[in-house]
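The values are calculated or read from the model by the stated rules, or taken from the named source; none is laboratory data. Being a predicted model, the structure only gives us computed values, none of them experimental. Ideal geometry is used to build each Cβ from the backbone, glycine not excepted, and the neighbour counts take in all protein chains shown. Heavy atoms of the whole protein, side chains included, go into the accessibility calculation; ligands, DNA and RNA do not. Shrake-Rupley method; radii C 1.70, N 1.55, O 1.52, S 1.80 Å.
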Amino acid sequence: MDFTIIVERDILALFLQGLLTTLKLLGISLAFGLLISIPLAVLRVSRHPLLAWPVWAYTYILRGTPMLLQLYLIYYGLSQFAAIRESFAWPWLSDATFCTALAFILNTSAYTTELIAGALRNIPHGEIEAARSYGMSKRQMYRHVLLPAALRRSLPAYSNEVLMMLHGTSLASTVTLLDLTAAADRVYATYYMPFEPFVTAGLLYLALTLVLLRLFWLAERRWLAYLQPRGA
């Protein structure tokens, strides 16, 4: 093994570009996915079938099919329809970055919706009764009590979803984007050295994973402290 090639200026710049692409895709997908999943989770736990069932179908389809397949359908599949190519949306749907981000957003929003919906269902009834005793409307309860409590309780499970999305960003390399995996593959194709570039990419993914785990540990320590058993 010879890792000296990795520290060359051009190779480091290539990995830095791939790292920035990976972080950009991860940040966009998580931010928009979370924004979409919050109202969807509220609809998911609704007692009205016309509100809950469409969301169930949405999450079932997206969680039941591989994210790579979803990415291919958006990036390659939509271009087969003339109506799409002639529409106002074509400048975006013909862009690899937009299509990749869209696929990631839809996928993570489906999983996050179910996480938040599950947390909403498991909120202790006493908290709901306490909110009602203050005369809160249903909208006020969701805003001030139910959603904050559900988001806090879903932190441990959501950390797993974030890590899965981090690793899932490697699929961007299949649609011409230069992420960490694509950067390693390009070094391999140029220098015929498979071990060093892919180990480097793996170490960068591992470093990002450790940073994210630390951030979630701090978040859980701050926002879930009230759920921890009190000492004698």
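Table for the structure above
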| read-out | value |
| --- | --- |
| Loop sites in the stretch 82-173: GluC sites (Glu not before Pro), DSSP, at most 15 other Cβ within 10 Å | E86 |
| Cα gyration tensor category, rounded, prolate or oblate, for the stretch 112-232 with a/c compared to 1.5 | prolate |
| Accessible carbon and sulfur surface of the stretch 12-88 relative to its total accessible area, %, 1.4 Å | 75 percent |
| FRET efficiency estimate (nearest 0.05) - Cβ-Cβ, T209 to S94, R0 30 angstrom | 0.35 |
| Span-rule helices in the chain, defined as complete DSSP H runs reaching 24 Å or more along the axis (Cα) with Kyte mean at least -0.5 | 9-44, 96-121, 195-223 |
| Sequence-separation-based contact order of the chain, relative, with Cα cut under 8 Å and 6+ spacing, percent | 28 percent |
| Linear extension gain, L73 paired with R143, 0.36 nm per residue minus alpha-carbon span | 21.6 nm |
| Neighbour cut-off at most 14 other Cβ (10 Å), DSSP loop, chymotrypsin sites (Phe, Trp or Tyr not before Pro), the stretch 132-197 | Y134, Y192 |
| Sparse-neighbourhood loop sites, trypsin sites (Lys or Arg not before Pro) in the stretch 7-102 - DSSP loop, at most 14 other Cβ within 10 angstrom | R47 |
| Förster radius 22 Å - calculated FRET efficiency between I38 and Y134, Cβ distance, rounded to 0.05 | 0.45 |
| Å² of accessible area per residue within the stretch 42-149, as computed with a 1.4 Å probe and no ligands counted | 61 Å² |
| Fraction of accessible area attributable to carbon and sulfur, the stretch 132-183 (%, probe 1.4 Å) | 55 percent |
| Part-to-part distance (alpha-carbon centres) for the stretch 161-232 and the stretch 44-114, which is given in Å | 23 Å |
